[in-house]
Structures are given as C-alpha cells and as structure tokens.
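Undergrad: Pasting a structure here, questions to come.
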Amino acid sequence: MKFASSYEPNQYEADIYAAWESAGVFEPSAPTIPVDNNADGEDDRFEKDAKYYSIVMPPPNANGNLHIGHGLTIALEDSLTRFNRLKGKSTWYIPGADHAGFETWVVYERALEAQGHTRFEFDRDELYARVWDFVAMQRGNMELQLRALGASCSWKDLTFTLDENVIDRVYTTFEKMWNDGLIYRGEKLVNFCPKHQTAFADIEVEHKDEPGTLWEIQYGPLVVSTTRPETLFGDTAVAVNPDDARYKDLIGKTVKLPLTDREIPIITDEHADPAYGTGAVKITPAHDFDDFEVGERHNLERIQVISEDGRMINVPEKYEGLTTTECRKQVLKDLKAQGILKGEKSITHSVAHCYKCGTVLEPMLKEQWFVDVEKLAKTAIEHLENGEIKFHPVNKQKVLINYLKNLKDWNISRQIPWGIAIPMFRKADPEATDEPNWIFDRRTNLKEIEKSGVKYIRDEDTFDTWFSSSHWPIVCTDWSEENPTPYYPLNVMETGADILFAWVARMIMMGLYVTGEVPFKEVYLHGLVLDEHGKKMSKSKGNVINPMDLVAKYGSDAFRLGILRGRSAGMNQAFSENSVISGRNLCNKLWNISRLIQSIVDEDESEASRESGVSLSYTTLNQGEDWICRELNDCLEQIEQDMREYRFAEAVETLYQTIWDKYAGWFLESQKIYRNVPLLKKTLETVLIALHPFAPFVTEAIWQNLSWTTGFIIAEKWPSRLKFDPISAEQFENIRNIVSEVRGTLQALPGTNNTNKYGLLYDNDSLVEDNILLIKTLTKVPEINPLNGAPRGLRIALANHELYLDVPEKVVTEYKDALTEKILSVGRELNALNARMLNPNYVEKAPEHLVKETQDAIKEKESLISRLKAQLSLI
RNA sequence: GGGGAUUUAGCUCAGCUGGCUAGAGCGUACGAUUCACAUUCGUAAGGUCAUAGGUUCAAGCCCUAUAAUCCCCACCA
C-alpha cells in the first residue's frame, strides 16, 4: 500500500525537492538570451508575454535566517512561478543572496569586538576578506531554508550582490553617471552614527519623538532658543524673520558669541519663525540640517565643532575633547554663571536615531558621493504616470510618484568596509598638475594607481547597498545592451511594501537609466505579517514566529497555504498557527482523496483486467459527474483570474472549497455508487495540478504514488476544460437541494438521532426515482419509496419536489411550530419581493433579467408557501 | 503640516463594475460514526456592514461630513 492513512510531509519533502532539482525542472525551458539575434522583429511584447515569465527573488541576507516575511515572499513568488510554468511559459525564478552591507557589518563588528579586536586594527581589504569568510560560513543556511519552503528557483543562476558581474554592472553605471554629470562629490551634512562610524541615507534614519529641553540664551541684544547649547561654538550667525518688527533695527549688526570672543552677524531668513521661542535662532551650519541650508543661502562659514567620534573640537581649550553631553552640561553651567541663560522649558521633538543600534545620530559635515536624482526621478515619474507599471495595491503608484516628486539627492557613500568599493581615486598631490582631482577607475583592488604619471589614491568608502541593488532586475537577468534578454523587463517584482521607496523606486530609476525600459511590468507589494493579535512581531515582545518551526511541524505546503490565507496586497495582517493547521488538514484531505481513488482504480483494474491502466478518454454518465466537471472548470477559471489579479488568498479559498466540499463532499460521495474510473483519474489529475502552485510537495508526493501518472507534476501542463452536459450538471443542483433540505429537516425534528429512522416518500418525481440510491446514501434515510396514495408524513420544504419524510402523525404535530415559523419566514421574503415589484420605478428602470428573476422567485415562494400551508392544514 | 490606508459575525478576513435572503475559515452549540480521512461527517445559532446625512428603482460598495485605529513622509531653533 503506497498511501499511508495520513500524509506525513517529513517523509516526502526533502526527497521531492532533491528530485526536482536534479531533474533540472526549475530552469527555464527557453534560452535566456535569444539565439536568433537577427530575428524578423516578430518577437514583440505580446509574444514575449505568452512565452516567457521572469521573476526575481528579493535577495535574503546571506548571513541570516529566513523570517516569516521571507516565508510569505516565497509563498507568493513560488505560486506565481509554478502557475506560470504549468501554463507552459518558459519560467525563470532567479534566486539571490544579499551581502546586506550595513546589517552584516554590524553583526561582524560585534563578533570582532567579542574577540577583543577593533576594526581599526585592519585595513579595508583585510576586513573585506574576513567578512567574506564569515558570510561564506553562514550562507548555506538561508539557501537550505529556501529549499524547505519549496522555492522552485533556478539555483545555477543564483546571484550574490557581490558577484563580479554585479560589481561590473554597478561600475559601468557609475561611470556613465559620472560622465553624465549625475555624480558629484559634495560637502554636505549627513546623518552620522558615532558608534558605527558611518553616514546614512535619509531613508535609513529612524525618527522618534522624544522629550527635550529648549533653552533660551542671551546673545547680546537678543535671546535665541536652542535645544543644543553645546553647538554654539559652531554658530556663524543669528537669524530673524525678515518680517519680524521686533528685530528690525538689529539686522546687519553683529553680536558677540557667548563664551567666545567671536562676533557673528544678525541676518534675516524665512527659516526663523517669529512665533517660535523668541523668534531669533542661532545658526550652526555644520551641525544642523536647516542651518546648513541657511548657511548656503547666506554664504556662511561652516565650523565643525563635533568630531566623528562625538567629541568637541575647534572649541576653547576648556571644552576641547569633551563628549557632547559633558560639553552641554559645562556650557549651561557657564552660561548660568554669567547670567545669560534666560530660560528653559520642556518640549517634545523628533530625534534621528541609528536604525540598528539606536544611537542618536549626529548631523556631520562630510564629503560624500551624491547622485543628482532630479533627472532620474523625473524620467521615472513620466513612465509611472504613463501607466507602464501596474501596482498591486493600486494606490502605491500615487504614493511612489509623490515620493519621487520630493526626492532629494542621494548620498551613496558608506564608511564601512563590507560593500562594493567606490571606484574613484583622488589625486595624491592636489597641487601637482592640471589633472582632475578625482578620476574613475575600476581597479579598486589597488590602494593607489598611476595614470599618465600622476599618482591617485583610492577612496576608502563603499556604496550604499541600495545603489547596487537598484540594478537587481538587470543583473539577475544578465541584461546587456549587446544581448537584451527576453526575460527583461521582469513580469513582476514582488517585495515588501516597506521598501517601496528604498528599493522599488530606485530600481525603476536605475532600470530606466541603464536600459531605457522600466525594469518590471507589475509590482506586487506585500504587507507585514503580524502576530495573531495584529501586533508587530518583535524579539522584545517575544511574539516572533519562525517559519521553519511551522514547516517542521506541519509541512511546507501547510505553511504556504496558511500564510496566503486571508492576505491581500499591501496590508499588514495577522497570522496565526490555526491557518497553518487548516492548511495541513487540506493536504491530508487531498491525500485521502487520492488514497480512495487509487483503491478504486486498483480494484477496477484487477476486476476488469483492462488493456491499459492509462486512459485519457472519459465520458460523464450521470448528473454528479457532469456537475463536478462544471465545478472544476469554474474553479480553473477562477484561479486563472485570481492569479492574473494577484488575489492569492481567493485562489486558495476557491481550491479549499472545491476540493473539500465539492469534490470530496459531493462528487466522491456520489462515486461510491457509480464509479467512473476514467473520470476519477482525470478529475483527480485536474485537482492536483490546480493545487500544485500553492501546495507543491503534497501534490507531487501523490502524483508519484499514483499508479497511472508519469513524470513530475511540476512539469505538467495546466488542465484544459472538461467536457460535460450543462443541463445534467444543473440537475445535480436539484439533488443537492433535496439532500440538504432532508438533512436539515431531520435535524430539526423533535428528538435526537433521527437519521436512519424515517423513510422518504416521493410522488411523480423522476429525478428522485433515478437517484434513489444516491439520495439514500447522502441523507442516510433507510428507504425511499413512491408515495402511492394520499400525502402523509412531513413535507420537505421544496417548491419543485413532492417529497415527504415518512414520520408518524405525532412527530408531525410536534413539528408544527417549526413549520409555522418556516411559513412566516418564507412569507417575509415573499413580501419583500412583492414590494419590489410594486415599485413602478424598479420595473421600469432595473435591467430586464433582474425583474424576471424577481418574478420567478415570487412564483417559487408562492408555490412553496401554498404547499407548506396545505401541510399545516392537515395537522 | 502633507500623504496613504483601515473600520463587515466572538476572532481573522472576503464581498470585484452598486443588483437574489451580506459570505468563508476558526471558534461556539447540537448531533453522527467500523468500511478514504476525528487532521472526519452533518445541522444550527451568530451582522443596525463605525456614525450622520446625501445620490439612486436599488448602497456594505458611490458622494459629503464626523469618529476611532494604523502606517509613511516632512518639520520641530
């Protein structure tokens, strides 16, 4: 016996995945670069869509483990992949691994510190090599976990974000941008983490509202407000609003900066808000973002008074070397002593923090490489407004455009060794020649190079990871100008809604810049997976769910089905183990369905000793068979539509209902009487293939265990529609109604245990007569006979069938109240329908078919009521 | 300050272009049972669709306002 009585995922999953992988079924069937380059131009977009399907994996951190969000990502992407593969497209799901620059660096630096070392003991190249080894040791974990989730990705094409072709492509783009004047070196204020010693892009900064103090300090004739008194040594002006009458006479004069001998000018700037504090604000261009801009407008000097390690510099000796907090105390003390600290009050303001360590970020004046984003963003906006990319959920398109419209220049320099080196070299001796100060060169393995006799020194910074990952669709598909691939643009980009700005926006800008085309045709964004109470998962709350635990406990398919349930694009939604359990149950149900069918097939073959067990031709022989063909066709149609619209939860829901209720509950129950073996085989195949995208392992395990199937289900074709007789199929609905109504009436009868007790009587009803055995089995009534004579027993509440439960008079009498209630309730429905028909506007304006439906419903209710009333009058 | 959402059964969510008596799963209650599956089968209860107006023959869905909850961006001397 190949089918055990329940499905045990652990016995099958690893072997099945290994078998798929070694059979090469994950790789695209058509070449990734068109062989025929001088084609006749017939390879248009339409044909591309019909033939090729490409999707890339947002690369998980090579150094980490998968979390629940990755689980969702894989469930979504792999369902799309498998569905499109079954649909016959050459499907390429490209896996990746992320060097995760800053994340990994933080982990590594911590390990280094634990060993009693610091980063300053090594140069960049040494550190890079050490982290490389560190990551290489961990990398296998993540890939094993992707396999456990069933990701049917083309492993030989796995792209690591530090692969040579990635670096090459990034350098090519950077060179192009440099030549196009889109890259500039600027001294700007950047958010700097004193702990990690690196700058961040705006998007990496976490703002938190915190209590703070606003101090008022006397600056000569006026009083300024500040939350950071220690920066006063860097002040180079005091600003007031040009419309502020209070300070009109002071404009253009100077004041003496407290605790120093320096005179600073009083200037006017819109930045000063007359309503805030005293209306006068000290300007520290080197340590505040707003002040920096004021400084630019007024050409003010930038005096750096805080060093990169968070200590005071360029200040009077007394304060030199203090930390910012120590310095603040001292400054306040000294101001107070001089009597020029005029006030202090508590406020709430937002403070920038390092998203990794929580340290308060210091705005720091630094020379960094910037991307001038204006043109890139403008082009992206044009293509977005053109509707070239379809978003799920749709509103994210607007959100993204809005973001791009306000985008500021992008700082791409990071002061960490773990990343792609920036390919720029600085002239060793700036005075030496007329050569430019900075040159582009790919030889970043060298610390210094020589070009036309001039020595250049390597910039020690690395790229922001988003700069390289913005090339992801390009590098994964191996696109190049000489060899454009039919897999670019991608059919879809699936990723988390939280990185819409950081990643999706940048991929679009970069894709357009490098290839001239948008990098993908559709974007599907998933939301956060919250815990069962709708709270965000976090280590500190202890509510983190590890997807691998669930896979081990319930199986990969159960996890995938469970996480897709009740989920829609872009929404943060709760997740609980219950949905995984019900996924596990579905797998087991399907397993047992297959077990039953296999046993019928075995029996049939030994009895009839047919020429061959394989038979693709089938004929429907009764209403139930026609009906299941119709329902399966509808199910296929529904899934196709849902997958086109990225409605995964609905597709899964449809499959649950079709498999559990329709296929097992009605069709298989009816097959216990009729047994159409070719049809059983055909319909089971259909069900298995339809579920395969969502539950790949159990469907393959069954496929391998069935006696008549061959090959892998993963490589099958999506089922074509089944043939059936629609009239016969519709008749089965009548049978279902009869069965349901009989069951319901039996339950409602007084007393318990009413099944198997009373027979059923029918009058002049060929549908019932032809299906006596079936109705008997499904309702569990002991016998079904013709009425033969005057009606007796209890009438079943159906308009079109004359059916009685053969119960004694006493039971009928006891049922009287229930019957009366039934008549009343049908009466209420009838009244509502009649009211609708009495409204002339309805009859006149509503579509004809609706009016007709209402009329038919009225007739049916009327007939039902009169029959029930007749019954009541007999009691 | 700007933007984006959410609000439907005890819980988690569907409900598409307005159109049958607003659905599903879980949970709850009651019942069943050798013979594919207790990871099972059957039946039922449970909803003022956040609130108030409006449009329409018809509103959970469209419009206006309000409330609550959440997220993002910017600013906060």
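Undergrad: Name the residue, out of A:THR779, A:THR813, that is among the polar types (S, T, N, Q) and within 17 Å of A:PRO750 (Cβ to Cβ). Before the answer, list the steps.
TA: Values: A:THR779 fails: within 17 Å of A:PRO750 (Cβ to Cβ).
Sole residue among the options that is among the polar types (S, T, N, Q) and within 17 Å of A:PRO750 (Cβ to Cβ): A:THR813.
Undergrad: May I pose another question? Those residues that are within 13 Å of RNA strand B (Cβ to nearest atom), part of a strand (DSSP E or B) and surrounded by fewer than 17 Cβ atoms within 10 Å (Cβ to Cβ), I need them from segment A:186-211; list them, please.
TA: Selection gives A:VAL205, A:GLU206, A:HIS207, A:LYS208, A:ASP209, A:GLU210, A:PRO211.
Each row is one residue, and each column tells you yes or no for (1) in contact (Cβ under 8 Å) with a residue 12 or more places away in the chain; (2) over 46 Å from the mean Cα position of the chain (by Cα); (3) buried (at least 17 other Cβ atoms within 10 Å of the Cβ).
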site	(1), (2), (3)
A:PHE732	yes, no, yes
A:ILE735	yes, no, yes
A:LEU746	yes, yes, yes
A:PRO750	yes, yes, no
A:VAL768	yes, yes, yes
A:ASN771	yes, yes, yes
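Undergrad: Taking only segment A:505-554 into account, find how many residues are at pLDDT 90 or above and closer than 30 Å to A:ASN406 by Cβ.
TA: Count: 26.
Undergrad: Please go through segment A:681-692 and give me each residue that is more than 30 Å from the chain's Cα centre (by Cα) and either among the basic types (Lys, Arg) or buried (at least 24 other Cβ atoms within 10 Å of the Cβ) (or both), ordered by number.
TA: So the first thing to find is which residues in segment A:681-692 are more than 30 Å from the chain's Cα centre (by Cα), and the list is A:681-685.
A:LYS681, A:LYS682, A:THR683, A:LEU684 - these are the residues of segment A:681-692 that are more than 30 Å from the chain's Cα centre (by Cα) and either among the basic types (Lys, Arg) or buried (at least 24 other Cβ atoms within 10 Å of the Cβ) (or both).
Undergrad: Same structure again: Return the residues of segment A:1-16 that are in a helix (DSSP H, G or I) and either under 13 Å from A:TRP591 (Cβ atoms) or within 9 Å of RNA strand B (Cβ to nearest atom) (or both); say none if nothing qualifies. Let's see the steps before the verdict.
TA: Going residue by residue through segment A:1-16, those that are in a helix (DSSP H, G or I) are A:9-16.
Listed by number, the residues that qualify are A:PRO9, A:GLN11, A:TYR12.
Undergrad: Given the condition over 30 Å from A:ASN437 (Cβ atoms), open to solvent by 20 Å² or more (accessible area, probe 1.4 Å) and touching a helix residue (DSSP H, G or I) at 6+ places or on another chain (Cβ under 9 Å), answer yes or no: does some residue in segment A:236-249 qualify?
TA: no
Undergrad: Continuing with the same structure: Suppose we keep only residues that are open to solvent by 70 Å² or more (accessible area, probe 1.4 Å) and aliphatic (A, V, I, L, M) within segment A:823-849. Which one would you say is farthest from RNA strand B (Cβ to nearest atom)? Full working, then the answer.
TA: Step one: filter segment A:823-849 for residues open to solvent by 70 Å² or more (accessible area, probe 1.4 Å), giving A:824, A:828-829, A:831, A:836, A:838, A:840-841, A:844-845, A:848-849.
Within this subset, residues satisfying the condition of being aliphatic (A, V, I, L, M) are A:824, A:838.
Details: A:LEU824: 13, A:LEU838: 10 Å.
Here the answer is A:LEU824.
Undergrad: Got a sec? Which helices (runs of 4 or more DSSP H) wholly within segment A:746-824 have at least 1 residues that are out of contact with any strand residue (DSSP E or B) (no Cβ under 8 Å at 6 or more places or on another chain) and among the acidic types (Asp, Glu)? Write out each step before concluding.
TA: Values: elements: A:766-770, A:772-779, A:809-814.
In segment A:746-824, A:766-770, A:809-814 are the helices (runs of 4 or more DSSP H) which contain 1 or more residues that are out of contact with any strand residue (DSSP E or B) (no Cβ under 8 Å at 6 or more places or on another chain) and among the acidic types (Asp, Glu).
Undergrad: Please name all residue pairs, on different chains or six or more residues apart, with Cβ atoms under 6 Å, provided the first residue is in segment A:589-611 and is modelled with pLDDT of 95 or more and of a type in the set (Gly, Ala, Ser) and the second residue is open to solvent by less than 50 Å² (accessible area, probe 1.4 Å) and more than 9 Å from RNA strand B (Cβ to nearest atom).
TA: A:SER594/A:ILE702
Undergrad: Here's another thing I want to ask about it. What's the number of the condition A:GLY665 fails, among (1) crowded, with 20+ Cβ neighbours inside 10 Å; (2) under 36 Å from the mean Cα position of the chain (by Cα); (3) closer than 27 Å to A:SER766 by Cβ?
TA: (1)
Undergrad: Sticking with this one: Does A:GLU631 satisfy the criteria of being open to solvent by 10 Å² or more (accessible area, probe 1.4 Å) and assigned to a helix (DSSP H, G or I)? First the steps, then the outcome.
TA: On the way: open to solvent by 10 Å² or more (accessible area, probe 1.4 Å): yes; assigned to a helix (DSSP H, G or I): yes.
Judged against the criteria, A:GLU631 is a match.
Undergrad: Any residue in segment A:666-679 that's under 13 Å from A:ILE597 (Cβ atoms): show its pairings with residues that are open to solvent by 50 Å² or more (accessible area, probe 1.4 Å) at Cβ separation under 6 Å, as long as the two are six or more apart or on different chains.
TA: Listed pairs, sorted by first residue: A:ASN676/A:LEU621.
Undergrad: Would you confirm whether any residue within segment A:693-711 is open to solvent by 10 Å² or more (accessible area, probe 1.4 Å), more than 12 Å from RNA strand B (Cβ to nearest atom), hydrophobic (A, V, I, L, M, F, W, C) and part of a loop (DSSP other than H, G, I, E, B)?
TA: Among the residues of segment A:693-711, at least one is open to solvent by 10 Å² or more (accessible area, probe 1.4 Å), more than 12 Å from RNA strand B (Cβ to nearest atom), hydrophobic (A, V, I, L, M, F, W, C) and part of a loop (DSSP other than H, G, I, E, B), which makes the answer yes.
Undergrad: So, one more: Among the residues of segment A:76-125, write down those that are of a type in the set (Ser, Thr, Tyr) and free of Cβ contacts under 8 Å to residues at least 60 places away in the same chain. Explain how you work it out, then say what you get.
TA: Within segment A:76-125, the subset of a type in the set (Ser, Thr, Tyr) is A:79, A:81, A:90-91, A:93, A:104, A:108, A:118.
The one that is of a type in the set (Ser, Thr, Tyr) and free of Cβ contacts under 8 Å to residues at least 60 places away in the same chain: A:THR118.
Undergrad: Using the structure shown, decide if A:LYS345 is touching a strand residue (DSSP E or B) at 6+ places or on another chain (Cβ under 7 Å), within 12 Å of RNA strand B (Cβ to nearest atom) and open to solvent by 60 Å² or more (accessible area, probe 1.4 Å). Spell out how you get there, then give the answer.
TA: Numbers: touching a strand residue (DSSP E or B) at 6+ places or on another chain (Cβ under 7 Å): yes; within 12 Å of RNA strand B (Cβ to nearest atom): yes; open to solvent by 60 Å² or more (accessible area, probe 1.4 Å): yes.
Here the answer is yes, as A:LYS345 does meet what is asked.
Undergrad: Would you confirm whether or not segment A:788-806 contains a residue that is surrounded by fewer than 17 Cβ atoms within 10 Å (Cβ to Cβ) and among the hydroxyl-bearing types (Ser, Thr, Tyr)?
TA: No, there is no match, as no residue in segment A:788-806 is surrounded by fewer than 17 Cβ atoms within 10 Å (Cβ to Cβ) and among the hydroxyl-bearing types (Ser, Thr, Tyr).
Undergrad: Could you check segment A:272-314 and list, in sequence order, the residues that are open to solvent by 40 Å² or more (accessible area, probe 1.4 Å), more than 17 Å from A:LYS188 (Cβ to Cβ) and not β-branched (Val, Ile, Thr)?
TA: A:ASP273, A:PRO274, A:ALA275, A:TYR276, A:ASP309, A:ARG311, A:ASN314
Undergrad: Let me ask something else. Name every residue in segment A:141-161 that is surrounded by 20 or more Cβ atoms within 10 Å (Cβ to Cβ) and more than 23 Å from A:HIS692 (Cβ to Cβ), in order of residue number.
TA: If the condition is that a residue be surrounded by 20 or more Cβ atoms within 10 Å (Cβ to Cβ) and more than 23 Å from A:HIS692 (Cβ to Cβ), then A:MET142, A:THR159, A:THR161 are the ones that fit.
Undergrad: Can you name every residue in segment A:257-271 that is open to solvent by 80 Å² or more (accessible area, probe 1.4 Å) and in contact with a strand residue (DSSP E or B) (Cβ under 6 Å, 6 or more places away or on another chain)?
TA: Step one: list which residues in segment A:257-271 are open to solvent by 80 Å² or more (accessible area, probe 1.4 Å), which gives A:261, A:263, A:270.
If the condition is that a residue be open to solvent by 80 Å² or more (accessible area, probe 1.4 Å) and in contact with a strand residue (DSSP E or B) (Cβ under 6 Å, 6 or more places away or on another chain), then A:GLU263 is the only one that fits.
Undergrad: While we're here: For a quick check of your reading of the model, give me the residue pairs whose first member lies in segment A:14-26 and is farther than 17 Å from A:ASP557 by Cα, whose second is loosely packed, with under 14 Cβ neighbours inside 10 Å, with beta-carbon atoms closer than 7 Å and at least 6 apart or on different chains.
TA: Close Cβ pairs satisfying both conditions: A:VAL25/A:ALA715.
Undergrad: Could you tell me whether segment A:630-650 includes any residue that is farther than 23 Å from A:HIS392 by Cβ and touching a Leu at 6+ places or on another chain (Cβ under 7 Å)?
TA: Here is the first cut: in segment A:630-650, the residues farther than 23 Å from A:HIS392 by Cβ are A:630-634.
Right, trim to touching a Leu at 6+ places or on another chain (Cβ under 7 Å) and you get A:632-633.
Yes; the residues of segment A:630-650 include at least one that is farther than 23 Å from A:HIS392 by Cβ and touching a Leu at 6+ places or on another chain (Cβ under 7 Å).
Undergrad: Do we find a residue being within 16 Å of RNA strand B (Cβ to nearest atom), in contact with a helix residue (DSSP H, G or I) (Cβ under 8 Å, 6 or more places away or on another chain), aliphatic (A, V, I, L, M) and more than 15 Å from A:GLU741 (Cβ to Cβ) anywhere in segment A:789-796?
TA: Step one: filter segment A:789-796 for residues within 16 Å of RNA strand B (Cβ to nearest atom), giving A:794, A:796.
Filter once more, so that each one left must be in contact with a helix residue (DSSP H, G or I) (Cβ under 8 Å, 6 or more places away or on another chain): A:794, A:796.
Now restrict to residues that are aliphatic (A, V, I, L, M): A:794, A:796.
Cutting the leftovers down to more than 15 Å from A:GLU741 (Cβ to Cβ) gives us none.
No, segment A:789-796 contains no residue that is within 16 Å of RNA strand B (Cβ to nearest atom), in contact with a helix residue (DSSP H, G or I) (Cβ under 8 Å, 6 or more places away or on another chain), aliphatic (A, V, I, L, M) and more than 15 Å from A:GLU741 (Cβ to Cβ).
Undergrad: Find the residue count for segment A:375-396, including only residues that are within 13 Å of A:LEU525 (Cα to Cα) and open to solvent by 50 Å² or more (accessible area, probe 1.4 Å).
TA: Looking only at that region, the number is 3.
Undergrad: Being surrounded by fewer than 23 Cβ atoms within 10 Å (Cβ to Cβ) and within 12 Å of RNA strand B (Cβ to nearest atom) narrows it down to one residue among A:TYR674, A:TYR656; which is it? Reasoning before the result, please.
TA: Values: A:TYR674 fails: within 12 Å of RNA strand B (Cβ to nearest atom).
After ruling out the rest, the residue left standing is A:TYR656.
Undergrad: With out of contact with any helix residue (DSSP H, G or I) (no Cβ under 6 Å at 6 or more places or on another chain), basic (Lys, Arg) and within 16 Å of RNA strand B (Cβ to nearest atom) as the only criterion, which of A:LYS723, A:LYS757 stands out?
TA: Details: A:LYS723 fails: within 16 Å of RNA strand B (Cβ to nearest atom).
That would be A:LYS757, the only listed residue that is out of contact with any helix residue (DSSP H, G or I) (no Cβ under 6 Å at 6 or more places or on another chain), basic (Lys, Arg) and within 16 Å of RNA strand B (Cβ to nearest atom).
Undergrad: In segment A:850-875, what residues are surrounded by 13 or more Cβ atoms within 10 Å (Cβ to Cβ) and of a type in the set (Ser, Thr, Tyr)?
TA: Of everything in segment A:850-875, those that are surrounded by 13 or more Cβ atoms within 10 Å (Cβ to Cβ) and of a type in the set (Ser, Thr, Tyr) turn out to be A:THR854, A:SER863.
The values are calculated or read from the model by the stated rules, or taken from the named source; none is laboratory data. As the structure is a computational prediction, the values presented were derived from the model and not from experiment. All Cβ positions, glycine included, derive from the backbone under ideal geometry; neighbour counts span all protein chains shown. Areas reflect the complete protein model, heavy atoms only, side chains present, ligands, DNA and RNA absent. Shrake-Rupley method; radii C 1.70, N 1.55, O 1.52, S 1.80 Å.
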